[in-house]
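Step one of this worksheet: look at the structure below.
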Amino acid sequence: MKIRLILLFYLLFAIILAGNGSYHNPEDSHGELKVDGEYIMHHIQDDKIFELFNPLDWNDGNHDHYYYTTKVKLDQSWNKINNIPIISNYLNWMWDPSTDPFTLFPSNNQLIFSKQSIMMLLASAIIILLFIIGYKKDRKVQSGIGNLLEVFVVFIRDEVVYPNMGEKQGRRFLPLILTFFFFIVMLNLLGLIPGSATATASFSVTVSLALITFFTYIVFGNKDFWKHIFATPGVPFWLLPIMIPVELIGLITKPFALSVRLLANMNAGHIIILAFLGIIVNMQSVWVAIGSVPMALAINMLEIFVAFLQGYIFSLLSSIFIGMAVIEHEHH
């Protein structure tokens with residue numbers, strides 16, 4: 001009954017918003033309301049402005065065409081990397097492939113705290129807090145939050161890490177894989193909160209996570225792993241000049257696949273949701289909300305499942321890639 005009331009309230013609220021114009025007025029070059037692919041991607045990738053729900057802004061009191069919304073701008077003078085001595089000389093750069101694909105340019109727009117970095121700090125704090133509060137060292141059987149966390153920990157250990165790494169190496173890398181899982185899932189779930197940001201929908205974040213996996217199996221890879229790269233057993237000597245480049249390319253494509261898979265899946269759901277809601281703005285009709293809002297809500301519910309699924313897939317693939325590098329292979 002409560003769920004039905006919540007859904008009904010959500011639907012009525014969306015109709016009210018549509019009737020008042022839109023919570024945001026994305027105008028095209030002709031001054032018409034329009035939500036297109038460019039606007040959607042800009043909204044997803046934006047790292048400078050938080051848009052928070054404000055029920056008092058019902059008449060667009062700020063005159064910025066943002067109804068029921070308060071904008072918190074991070075693009076402030078104190079939040080610029082170029083204000084940090086020494087560090088700014090190394091970090092305050094940007095890459096513009098449209099001008100020169102091999103050149104970095106100085107930038108004054110790099111932020112110390114972007115939306116994505118704030119969400120990552122928040123996710124880390126929540127995870128640490130959950131384990132501090134939920135896990136009781138003096139109890140063999142956990143309860144409440146601790147019991148829920150234990151379910152995920154045991155599942156990742158027994159179904160993901162140990163089968164791919166073995167118990168010996170699994171104990172060694174279990175903390176890393178668990179960190180991947182909880183961190184990614186928490187970022188995905190926080191990104192579903194209206195007004196927040198999905199850090200895993202940013203290419204820089206997914207690449208950074210994938211590079212951790214990459215350098216892990218590069219640094220901890222054993223002799224057997226490197227032997228399979230540069231002298232694959234059972235392969236004729238004359239084929240090695242072909243096999244070695246292929247194997248080396250495989251080392252690079254693994255983190256690329258990790259980062260792109262997570263990025264694409266997290267962007268896809270958000271794009272679909274914004275596309276459904278954008279129909280209300282594009283058609284400028286209250287009645288469109290009756291169909292588009294339930295569809296967007298259904299996709300949003302599916303995103304909760306995807307949030308856990310992507311954390312599981314990233315953890316699984318990372319454990320497979322690392323396991324291939326640290327486990328001794330038998331030669332026949």
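The values are calculated or read from the model by the stated rules, or taken from the named source; none is laboratory data. Bear in mind that the values here come from a model prediction, so they are computed numbers and not experimental data. Note that we place each Cβ from the backbone using ideal geometry, even for glycine, and neighbour counts take in every protein chain shown.
Quick check, is ILE244 assigned by TED's automatic domain parsing to the domain that holds SER196, more than 16 Å from the chain's Cα centre (by Cα), surrounded by 13 or more Cβ atoms within 10 Å (Cβ to Cβ) and among the β-branched types (Val, Ile, Thr)?
Yes, satisfied.
Return yes when THR200 is among the polar types (S, T, N, Q), touching a Phe, Trp or Tyr at 6+ places or on another chain (Cβ under 7 Å) and part of a helix (DSSP H, G or I) and no when it is not.
no
What is the residue count in segment 119-171 for residues that are of a type in the set (Lys, Arg) and surrounded by 15 or more Cβ atoms within 10 Å (Cβ to Cβ)?
Adding up the residues that qualify gives 1.
Filter segment 212-232 down to residues that are within 15 Å of ILE327 (Cβ to Cβ) and in contact (Cβ under 8 Å) with a residue 12 or more places away in the chain, then give me how many there are.
Matching residues across segment 212-232 total 9.
Give, as residue ranges, the helices (runs of 4 or more DSSP H) completely inside segment 223-328 that count at least 2 residues that are small (Gly, Ala, Ser).
Ranges flagged: 240-283, 289-326.
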